[in-house]
Every structure is written in structure tokens, then in C-alpha cells.
1. Tally up the carbon and sulfur contribution to the accessible surface of the range 225-346 as a whole percent, 1.4 Å probe, everything protein left in place.
2. The range 128-175: which trypsin sites (Lys or Arg not before Pro) are DSSP loop and have at most 12 other beta-carbon atoms within 10 angstrom?
3. Can you tell me what percent of all Cα-Cα pairs in the range 6-72 are more than 14 Å apart?
4. Sorted by accessible area with a 1.4 angstrom probe, largest first, how do Ser156, Ser320 fall?
5. Averaged over all directions, how much area does the convex hull of the C-alpha atoms of the range 255-393 cover when projected, in nm²?
6. Using 7 Å Cα-to-Cβ label points, what is the Asp350/Thr19 separation (nm, one decimal)?
7. Output the peptides 38-46, 76-84 sorted from most to least packed, where packing is the average of other Cβ atoms within 10 Å over each peptide's residues.
8. All other residues with a Cβ under 15 Å from the Cβ of Ser70 taken together, and with Lys, Arg as +1 and Asp, Glu as -1, what is their net charge?
Amino acid sequence: MRWRRPGLRAQFVIALLATSAITLVAAVVTLVPPLEHRLATDRLRDMRELARTADLGLARLPPSDLRRGSERQDAVVRELARRMGGRVALFDAHGIELADTDPERREPRSATPERLADAGFARSGDVRDQVTRGEAVVVAPVRTRAGRRTLVLRKSLNDTRAAVGVVRGALPVAGGVGILIAAGLGMALGFGLLRRLERLRRDARRLADVGIEEPLAIDGYRDEVGEVALALETMRSRLHAEERGRQAFLATASHELRTPLASLRGTVELLEEELARGAPDLGGIRRRAAAAHRQTDRMTALAEDLLDLGRLDGNAQLASEPVELRELAGTLAAEIAPAAHAADVTVELDAPHPVWAACDPRATARVLRALLENALRHGAPPGSVVRIVVDAMDAGARLRVIDAGPGVPEAERERIFGRFERGGQAGAGFGLGLAIARGLARQMGGDVNARAVPSGACFEATLAVCAAPVGAAQTTHQITDTAPVSTATPA
């Protein structure tokens, strides 16, 4: 039978208990030994201080009292033992015992400082100390009027061990209580977090099973789970918007294709009827053929726009090379001159100096062509002027198309860059030119925006400026600065 991994709640409880248990064991292991060592060290320090004070009491005794059996000598040793709470012994320079507060307990009688040092006693100045066989032992030399003496202090560490034992016994109890409290708080907080995760999981599963139409419930928390929920809702809303845009795109594209196709089909049927007559009207046939040609051009333009949108959506790689924008603008102005002439509009180029930009020449031409076509279709009234301004600023190279039309309301300056979106002055286009122009400009590291001007409309394309290539000649144009490249039809 295959082992089934426990759920997130069970994993959380196991991890919490295991962490608490490991923390308790680590606390016992790391706390008790240092505590025991610290207590023994403190005991040795206190005994050394007592030994130094005993030096003063013994130094005041006359030589006659510094012998075995002397009452005054025994009184000093007993007082020291009382203050310490242990055993005190006094030896002469030859290791002979002179006084002992516990004579019934026999120890090796050789207690000279040299031999005690050889036995492994640690030295602190002239005082030596050691913890051995459960006892703290301090050996201190004492200078008296009868010569050198050696004072040996012994104190059992049973009380220290008892204190450590109390701590060792109480620590698991206190730790257990702390673990229970921490586990309870952790579970309360953790289960709340797990409930939110479970709700998030259900919402994510609902997105997969039902769809992306219904919004997710956002609890308002700004922690990691809340950020994940917010990101998921943002992704859902974006996918929903993209899906609605795709459906609207398909519906609009189908409508835009259906209209010229229906017109073309009707024109072809009329041509067939005209040709079926015995004496066809050649003038009518020519007019219908021209209409069919216009509808074909319209469908071709729409197909090219759709292909450009497909390349934008596919993030097709664009070239980046030095392009002289004044020359490019002059070429586009000459290209659009017939359409401007037909609309009774004059196109002027305002480019005092050559401007170089790092961009894709074909894509840049497509951007400027879209802006010019937009100005002719939706902006410039008959008899007006459309200006192409080429210059360079700190932000980069600029291509501006300025017309004298009704302008773009502030509320529509972003909307008109959407796909199949037209401004208030709807014309003959499909509403794709500005969307394509902005997409291409952004792929080249620039942008296209509608700028506010006192009158008319101004569409600005910005591109990354670059230095002129080495050896590039200053290009001269047939078109002089601010001179019209197409003139209005004479009245």
C-alpha cells in the first residue's frame, strides 16, 4: 500500500511539535552544563576571597599560637569554616597538619603548594583551586610570623548539584508548559492561515473548473497569503479582460471583413448582370470595377493590420540600427502627398537638423504612416495644414504629427490607442493604426502618445536617440525646412 502524505494541517502540527521538542532538548543541553560550571566557578571564587581574608587573621597571631593544638589558631580556622560552610585545614611548610575542622575525615597529609600544583590544581595568582570528586578545593599560601603556612579549603558541591538538579527537573516542565502554550497559539494562528489557504485553493480550483468570470474573494490582509490572493485575482481580471478583448477583437474583425466582402460580392453580382446583357454599359462596369478595387484595398489593409497585430502579440524581434528621421519623414510625406492632395490638406515638414535614432526603419515608417493617416482621416479639415516635426530632446528623438482638427478630448487620449477604437470623429479606418503604432514604438523602446495642444491634435512618437554613424554625410533634401510637400487643390 502506497504511503499517503499527510495534509497541510497535519504537517503543520507535526512540524510545530517537532520544533518545540527539539527546542526543549537543545535548551536543556545548552543551559544545564554551563549553569553547573558557572555555579562551581562562583563557589571557587568565593572560597578564594575567604582564603585571602583568613590570611589577615593568621598573620596577626604570634608564633607561639601557630602550632598544633593552639586554641587561637583553631578558632581562626573554625570561623573560616563556619563562614564558608565547609572544611578547612592548615598545614606547615613541610605538609604537617596543624589544624583541621573535620579531623575524622582523613585525606593525604601531603598538602604543600608544590605537590598540589603537581596534582593538577589551577593557579589564580598565588592561590590554587580545583573541582575534584564533587568538591571545590582551594589551596592558598599564608605568610605568618612563624613562617609559611598552607590553607586548604574544601566545600562539597552537593547544594550546587541540587540546584542544578532542580533546574534540570523544572526546565522540562516549564518548557512543556511553554510548548503547549506556543503550540496552542501557533495552531490558532496557523489554522487561520490554513483556512485562508484552503479558501484560496478552492478559488483557484473554481477558476479551473468554472471559468474566470467570477472575481475571487480578497480578505484584505497584506501578508504573503493576501499578496498571493491579490496576484491571483489580478491575473484573473487580466485574463478576463484579455478574453473579452479577444472576443471583441474577433467580433469586430469579422464585422469589418464582412462589410467589404458583402460590398465586393454585390459589386461582382452587378458586374455579372451587366455583362450578361447584350449591350453592357462600359461606364457602369468601370465604376463597379473601381468600387471592387477599393473594397479589395480595404480588405488588404485590414489583413495587413491584423498581421501587424499578430506580430506584436508574438513579440516579433525588431531591428535596431541608426535611422535618420528627417529623411524618413520626408519620404513618408512624399508618399502620403496624393492622399493629402485629395483631402485638400497641405503636409509640411519641420526638421531644422538631421536627427538619428536607434530603431527599426520599417517599423518606424509604419508608426509615422499610421500617425499621418490618422491625421488625414480624423483630424485635418479641408484647407488646413498637417505638420511633421522632427527634433531631439533629452528624453530621445521625437516625431510629431500636428493637425488643425477638432483635437482629442482628454478622456479619450488613452482609449483611442485600444484596438478597434475610434475617437469621436470616426472615419473610414478600422481603429487599428494607433494601437499598432504604439505597440511598434514600445517594442523599439519608445512610445506614442496624444499630447495636449492649444488647438487641433498632436500625436508624438519618441524613440531612442543615437549618434550619427561614422562617415554619414549630412543629407540634403529636395524638401526645404517648413516647406509644403503637397499643396492644396487650387480653388
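The values are calculated or read from the model by the stated rules, or taken from the named source; none is laboratory data. Worth saying up front: this structure is predicted, and the values here are computed from it rather than measured. Neighbour counts are summed over all protein chains in view; Cβ atoms, including those assigned to glycine, are modelled from backbone coordinates with ideal geometry. Heavy atoms of the whole protein, side chains included, go into the accessibility calculation; ligands, DNA and RNA do not. Shrake-Rupley method; radii C 1.70, N 1.55, O 1.52, S 1.80 Å.
1. On the range 225-346, the fraction of accessible area on carbon and sulfur atoms equals 57 percent.
2. Arg133
3. 77
4. Numbers: Ser156 45, Ser320 95 Å².
The residues order as Ser320, Ser156, largest area first.
5. Mean shadow area of the hull around the Cα atoms is 11.4 nm².
6. 6.7
7. 76-84, 38-46
8. 0
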